[in-house]
Amino acid sequence: MVRNQIPVSKRAASIEYAIRDVVVPATKLESEGHEIIKLNIGDPIAYPGLPTPKHMVDAYVKALQTGNNGYSPSYGIPELRASIAQDERRKGWSASQDDIYVCHGVTEALQIIFAATLEEGDIVLAPGPHYPPYLAYPQMFGAETLEYKLRPDNAWALDFDDIEAKMSDDVKLLVLINPNNPCGAVAGKDDIFRLLAIARKWPNCIVIADEIYDGLDFTGEHTSVASLSPDVPVFVLNGVSKVFYAPGWRIGYLGIHDPKRRLDLVRDGIERLLRSRLCASTPAQLGYLAGLDSDRTWMNSYAKKIARQRDLCVDRIKSIEGLEVQSTGGAFYMFIKLTDEKWFNNDKEFVLQLLHEEHVLVVHGSGFSPELGAGHFRLVYLADLDILNEVFDRIDRFLTKHRQ
């Protein structure tokens, strides 16, 4: 019997999320008995040696055991908001508890921002390549994402000429992901000052500073965007997932830096949206609070481990014909260029064939930007050194085989 299919909304049918979309064929291979080395998703605790710290887990568990797992205030537990604000003040801007809003991760914070600021025809100007939700979500609110270029020939630095050329009255949000996902580039003070100078020319533009990887900066150049802005409004995004190694807790926050008090109406809209979805996980918030309020010297050993893995990747890539990479300044990703013509023009096919033939899962660069990410693939370098060596052995074998 033929059934008429009820149509799906255009907004849902058009969404792609490359990082997880590639998991579908990998799951099929696993069901057939194959073991897959997965370097596709930035989940720190999916790899050995990077567990969520015990004192944070203990606080989470204690909240459950003592029954502290009911609804919490819609903007976040007051003690957590105060601790986050203190942390942001240490980064250089005058955050108060009332400027901090706790969300279900940075992804929900983005959805809240887009819902509160975007109308039909508005533009989000985001770096290309970029984290996929910056492309997927604005369309839900009648807006569109326009990409500004990063410079692959210069460690993925911001292309300020391209940003200037693409600014207009329609650009409501100017995005800086710092350190960048997927490229790992770090923008320092000079770059941030230049970006703010551009935004300053457009009075209805707000800067989004996505700083979820700020504790994984290997350059020493990372600076809070809000700390450098005396006038341009800034949305600060951060959370527990990456630097505190608790991605599954889904706790992030939105900080509002509004030095000239121009976001009162937007803030009211954000608060209305937050109240309508009740609250973020109460036990997870208490776990994050324990992380913020405790000694953080444990982070040093984690960062050193990740830096060693980064260095190995750079060395291995240099030795493999068909690959090129710029050493990353932060986060834990390599955005690797495919130099063989066969693959440079079809990075998604490279990823799928590598998966099927060598059982290594990475993400095609065009999934982070159809134009500006093409000809690359992203690799998460959180696995142990022996696993990374095995991965590059397989990639080298694959490239050699298909070059013959």
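No value in this document is a laboratory result; all are computed from the given coordinates. Source: prediction; values computed, not measured. Neighbour counts run over all protein chains shown; Cβ positions are idealised from the backbone, glycine included.
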For the range 174-189, Karplus couplings with θ = phi - 60° (6.51, -1.76, 1.60), whole Hz, Gly/Pro x: 10, 9, 10, 9, 9, x, 7, 10, x, 8, x, 6, 10, 8, x, 4
Radius 12 Å from Cβ of L382, net charge of other residues (Lys, Arg +1; Asp, Glu -1): +3
Overall Cα dimensions of the chain - principal axes, largest extent first, Å: 63, 63, 53
Cα-based convex hull, the range 218-328, per residue volume (Å³, whole number): 175
Acute angle (nearest 10 degrees) that the helix 282-293 long axis makes with the longest principal axis of the chain, alpha-carbon atoms: 90
Cα-based radius of gyration of the range 54-293 once divided by 2.2 N^0.38 Å, which approximates compact folds: 0.98
Calculated P(r) tail over 21 Å for the range 257-404, as whole % of Cα pairs: 59
Degrees between helix 298-318 axis and first principal axis of the chain (Cα, 0 to 90, nearest 10): 40
Two-site label geometry, H359 and K304: point separation in nm, points 7 Å out along Cα→Cβ: 3.4
The range 54-293: relative contact order in percent, alpha carbon pairs under 8 Å with at least 6 residues between: 29
Inter-site label distance for D295 and L50 at 7 Å from Cα along Cβ, in nm: 2.4
Calculated Rg and Dmax of the range 47-127 using C-alpha coordinates, Å: 16.7, 49
Whichever lysines have a C-alpha closer than 27 Å to that of K337, once near sequence neighbours (fewer than 8 apart) are set aside: K38, K149, K166, K242, K304, K305, K318, K348, K401
Gain in span if fully extended, L385 to T400, counting 0.36 nm per residue against the direct Cα distance: 3.2 nm
Length gained when the stretch N154-L278 is fully extended (0.36 nm per residue, less Cα-Cα span): 40.2 nm
Sparse-neighbourhood loop sites, GluC sites (Glu not before Pro) in the range 19-80 - DSSP loop, at most 16 other Cβ within 10 angstrom: E32, E35
Partner lysines for K260 [C-alpha distance under 19 Å; skip if fewer than 8 residues away on the same chain]: K172, K201
Trypsin sites (Lys or Arg not before Pro) within the range 148-215: DSSP coil, no more than 11 neighbouring Cβ in 10 Å: K201
Cleavage-rule hits, trypsin sites (Lys or Arg not before Pro), the range 275-334, DSSP coil, Cβ neighbours within 10 Å at most 11: none
Karplus-derived HN-Hα couplings along the range 133-146 (A = 6.51, B = -1.76, C = 1.60, θ = phi - 60°), whole Hz, x at Gly and Pro: x, 5, 9, 6, 7, x, 4, 5, 10, x, 9, 9, 9, 10
Calculated from backbone phi, Karplus (6.51, -1.76, 1.60) coupling profile of the range 56-71 in Hz, x at Gly/Pro: 6, 4, 4, 5, 4, 5, 4, 4, 5, 5, 9, x, 8, 9, x, 4
Sequence-distant residues sharing a close amide H with V363 (under 5 Å, placed H): R378
Stokes-Einstein translational diffusion, the range 170-227 - Kirkwood Rh over all Cα pairs, 0.890 mPa s, 25 °C, in µm²/s: 208
Gained length - K10 relative to E349, 0.36 nm times residue gap less alpha-carbon distance: 119.4 nm
Other-chain or far-sequence residues with amide H under 5 Å of L372's (modelled H): none
Charge tally in the Cβ shell below 13 Å around D340, where Lys, Arg are +1 and Asp, Glu are -1, D340 excluded: -2
Local electrostatic count at N238 - Lys and Arg +1, Asp and Glu -1, tallied over other residues with Cβ under 10 Å: -3
